[in-house]
Amino acid sequence: MKIAVIGTGYVGLVTGTCLAETGNEVLCIDIDQEKVNKMQNGEVPIYEPHLDVLFERNIKANRLRFSTNLEEGLEHGDIIFLALPTPEDEDGSADLKYILGVADNIGKLIKDYKVIVDKSTVPVGTSDKVKAAIAKHARVDFDVVSNPEFLREGFAVDDFLKPERIVVGSSSERATKLMEKLYKPYVRSGNPIIIMDEKSAELTKYASNSFLAAKITFMNEIANFCEKVGADVDKVRIGMGTDSRIGKRFLFPGIGYGGSCFPKDVKALHKSGQENNYNFKILDAVINVNARQKLVLIPKIENHFNNDLKGKNIAVWGLAFKPETDDIREAPSLYMIEELLSQGANITAFDPEAMSNVKRKLGTKINFANSMYEALKDADALVISTEWSIFRTPDFSKMKDLMVGHTIFDGRNLYEVKDVINEGFKYISIGR
């Protein structure tokens with residue numbers, strides 16, 4: 001099939017590449033000429049495990065191409081994916097200007113029937129707005145479909161190629177058949193393609209992410225309570241997770257969620273509720289608790305240093321909001337770093353993938369190390385904010401030799417408490 005993907009951000013690039021992997025001819029469109037030039041030369045603009053292999057293979061096979069020309073994309077594709085940014089507006093709502101702007105142009109340019117697919121995460125009712133924007137100028141038939149993505153950063157390629165489910169919101173039998181044909185190769189193991197109306201599909205994405213955010217936030221609340229009463233959140237987590245009604249995933253406490261999806265989507269659903277005279281009280285709590293949780297280690301650090309952080313050398317392991325990505329959007333590490341800097345601390349950080357992004361954001365405010373151990377030289381304490389695999393089995397003797405102070409503040413509970421104490425460190429984690 002011939003596919004056009006408008007927008008080559010995280011979702012668009014993974015979508016285009018993985019659609020090409022099953023033999024489709026994909027043309028990706030982006031307004032950034034420099035970015036398009038780099039992709040045409042085989043350079044992947046984002047870090048995502050395994051994406052580079054598929055990217056290179058499909059470019060060589062001429063199944064994956066790039067252009068800045070929207071009209072070329074519309075002429076090429078029978079199915080047109082809109083994978084455009086929906087940034088958080090000042091009031092917390094999703095800003096639809098990019099999607100609706102492109103929709104307006106599509107209406108002026110399409111010459112025959114197309115299926116326009118909303119792949120971006122959008123509020124309920126967006127498909128109607130996209131349809132109206134296209135219809136304002138279009139002189140041919142078209143359909144608008146909602147097809148939300150459920151890609152986890154760090155696992156996006158596997159999630160796309162082997163999805164647990166595919167949600168298609170469509171009221172058109174013609175469009176539905178095309179979408180089922182497109183996705184059939186990805187569900188050969190029997191996982192479902194779920195067909196529903198457009199509004200239900202749009203809400204499914206927001207409801208899913210908001211529920212997971214609530215699950216994380218609830219466990220963070222339980223962890224904080226564990227510290228008050230002397231319970232161990234790891235034992236509580238295991239006891240809860242073995243209940244099949246609850247499940248094991250998203251029960252790990254820490255310093256809050258971040259990234260491009262959960263923070264934005266929770267706020268957007270909350271705002272959408274307000275616009276429809278409905279108050280999501282649970283989401284109120286999720287938003288507020290998560291904001292506090294990102295700084296939950298700060299009082300512990302202050303207490304350790306007797307409320308005097310001026311001149312203290314703090315090492316930070318992990319800058320990305322989660323492992324296996326270079327994404328620093330809403331990363332808890334950045335909130336902690338800003339607070340530590342405001343109190344006069346010196347920061348030296350290491351992250352396997354995200355340091356260049358943080359350098360662009362913070363410049364010379366902090367120091368960057370070439371390795372996890374280099375970050376520890378003369379450190380008064382270590383703060384762990386991202387659970388990268390390389391941090392899980394460190395050489396504690398080497399750490400002890402490098403550090404001036406032997407204290408670890410672990411925001412991701414990477415180690416057993418007794419093991420770290422036996423290595424001669426003071427160890428402060430979450431809920432234990």
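The values are calculated or read from the model by the stated rules, or taken from the named source; none is laboratory data. Everything numeric here is computed off the predicted structure, so don't read it as measured data. Note: ideal-geometry Cβ built from the backbone for every residue, glycine included; neighbour counts use all protein chains shown. Note: areas computed on protein heavy atoms with side chains; ligands, DNA, RNA excluded. Shrake-Rupley method; radii C 1.70, N 1.55, O 1.52, S 1.80 Å.
For region 122-135, which positions are within 19 Å of Thr176 (Cβ to Cβ) and open to solvent by 10 Å² or more (accessible area, probe 1.4 Å)?
Asp128, Lys131
When you go through Lys199, Lys129 one by one, which is the residue that is out of contact with any Leu (no Cβ under 7 Å at 6 or more places or on another chain) and touching a residue at least 12 places away in the same chain (Cβ under 8 Å)?
Lys199
When region 64-78 is examined, which residues are found to be surrounded by fewer than 23 Cβ atoms within 10 Å (Cβ to Cβ) and either among the aromatic types (Phe, Trp, Tyr) or within 26 Å of the chain's Cα centre (by Cα) (or both)?
Scanning region 64-78 gives Arg65, Phe66, Ser67, Thr68.
Can you tell me which residue in region 205-232 is least open to solvent (accessible area, probe 1.4 Å), limited to those that are more than 28 Å from Gly16 (Cβ to Cβ) and among the aromatic types (Phe, Trp, Tyr)?
Phe218
Looking for whichever is within 27 Å of Gly273 (Cα to Cα) and open to solvent by 20 Å² or more (accessible area, probe 1.4 Å) here; the options are Lys97, Lys119, Lys38, Lys60. Which one fits?
Details: Lys119 fails: open to solvent by 20 Å² or more (accessible area, probe 1.4 Å); Lys38 fails: within 27 Å of Gly273 (Cα to Cα); Lys60 fails: within 27 Å of Gly273 (Cα to Cα).
Criteria check complete, one pass: Lys97.
Pick from region 17-35 the residues that are acidic (Asp, Glu) and closer than 16 Å to Leu84 by Cβ: which of them is surrounded by the most Cβ atoms within 10 Å (Cβ to Cβ)?
Filtering region 17-35 down to residues acidic (Asp, Glu) leaves 21, 25, 30, 32, 34.
Those left that are additionally closer than 16 Å to Leu84 by Cβ: 30, 32.
On the way: Asp30: 24, Asp32: 12.
Ranking the candidates gives Asp30 first.
Suppose the filter is among the polar types (S, T, N, Q) and under 14 Å from Thr325 (Cβ atoms); does Ser371 pass it?
In short, no.
In this structure, is Ala103 without any contact (Cβ under 8 Å) to a residue 40 or more places away in the chain, touching a helix residue (DSSP H, G or I) at 6+ places or on another chain (Cβ under 9 Å) and either farther than 23 Å from Asp141 by Cα or surrounded by 23 or more Cβ atoms within 10 Å (Cβ to Cβ) (or both)?
yes
Name, by its number, the condition in (1) over 17 Å from Phe160 (Cα atoms); (2) at pLDDT below 95; (3) out of contact with any helix residue (DSSP H, G or I) (no Cβ under 6 Å at 6 or more places or on another chain) that does not hold for Pro49.
(1)
Quick check on Thr348: is it in a strand (DSSP E or B) and in contact with a strand residue (DSSP E or B) (Cβ under 8 Å, 6 or more places away or on another chain)? Can you show your working first?
Details: in a strand (DSSP E or B): yes; in contact with a strand residue (DSSP E or B) (Cβ under 8 Å, 6 or more places away or on another chain): yes.
Yes; evaluated as a whole, the condition is true for this residue.
Taking Ala331 and the conditions (1) open to solvent by less than 10 Å² (accessible area, probe 1.4 Å); (2) in contact with a strand residue (DSSP E or B) (Cβ under 7 Å, 6 or more places away or on another chain); (3) closer than 25 Å to Leu362 by Cα, which numbered condition does it fall short on, given that it satisfies the others?
Among (1) open to solvent by less than 10 Å² (accessible area, probe 1.4 Å); (2) in contact with a strand residue (DSSP E or B) (Cβ under 7 Å, 6 or more places away or on another chain); (3) closer than 25 Å to Leu362 by Cα, Ala331 violates only (2).
Any residue at all in region 284-292 that is surrounded by 12 or more Cβ atoms within 10 Å (Cβ to Cβ), outside any helix (DSSP H, G or I) and in contact with a Gly (Cβ under 9 Å, 6 or more places away or on another chain)?
no
Looking only at region 234-259, which residues are surrounded by fewer than 22 Cβ atoms within 10 Å (Cβ to Cβ), part of a loop (DSSP other than H, G, I, E, B) and touching a residue at least 40 places away in the same chain (Cβ under 8 Å)?
Of everything in region 234-259, those that are surrounded by fewer than 22 Cβ atoms within 10 Å (Cβ to Cβ), part of a loop (DSSP other than H, G, I, E, B) and touching a residue at least 40 places away in the same chain (Cβ under 8 Å) turn out to be Phe252, Gly259.
Just to be sure, is Phe55 under 25 Å from Ala175 (Cα atoms) and open to solvent by less than 50 Å² (accessible area, probe 1.4 Å)?
Criteria not met by Phe55.
I'd like to know if region 402-416 contains one or more residues that are surrounded by 13 or more Cβ atoms within 10 Å (Cβ to Cβ), in contact with a strand residue (DSSP E or B) (Cβ under 8 Å, 6 or more places away or on another chain) and assigned to a helix (DSSP H, G or I).
no
Does Gly107 fit the bill of being out of contact with any His (no Cβ under 7 Å at 6 or more places or on another chain) and either in a helix (DSSP H, G or I) or farther than 28 Å from Phe262 by Cα (or both)?
Criteria not met by Gly107.
Using the structure shown, decide if Val14 is within 21 Å of Gly259 (Cβ to Cβ), buried (at least 18 other Cβ atoms within 10 Å of the Cβ), in contact (Cβ under 8 Å) with a residue 60 or more places away in the chain and under 25 Å from the mean Cα position of the chain (by Cα). First the steps, then the outcome.
On the way: within 21 Å of Gly259 (Cβ to Cβ): yes; buried (at least 18 other Cβ atoms within 10 Å of the Cβ): yes; in contact (Cβ under 8 Å) with a residue 60 or more places away in the chain: yes; under 25 Å from the mean Cα position of the chain (by Cα): yes.
The answer is yes for Val14.
Taking region 355-401, which residues are part of a loop (DSSP other than H, G, I, E, B) and of a type in the set (Ser, Thr, Tyr)?
Across region 355-401, the qualifying residues are Thr364, Ser371, Tyr373, Ser385, Thr386, Thr393.
Being touching an Asp or Glu at 6+ places or on another chain (Cβ under 8 Å), of a type in the set (D, E, K, R) and modelled with pLDDT of 95 or more narrows it down to one residue among Lys281, Lys235, Lys322; which is it? Walk me through it before giving the result.
Working: Lys281 fails: touching an Asp or Glu at 6+ places or on another chain (Cβ under 8 Å); Lys235 fails: touching an Asp or Glu at 6+ places or on another chain (Cβ under 8 Å).
Within the list Lys281, Lys235, Lys322, the selection yields Lys322.
Could you tell me whether any residue of region 299-317 is crowded, with 21+ Cβ neighbours inside 10 Å and within 21 Å of Phe218 (Cα to Cα)? It would help to see each step written out before you state the result.
Start the filter on region 299-317 by keeping residues that are crowded, with 21+ Cβ neighbours inside 10 Å, which leaves 301, 309, 314-317.
Still in the list and also within 21 Å of Phe218 (Cα to Cα): none.
No; the residues of region 299-317 include none that is crowded, with 21+ Cβ neighbours inside 10 Å and within 21 Å of Phe218 (Cα to Cα).
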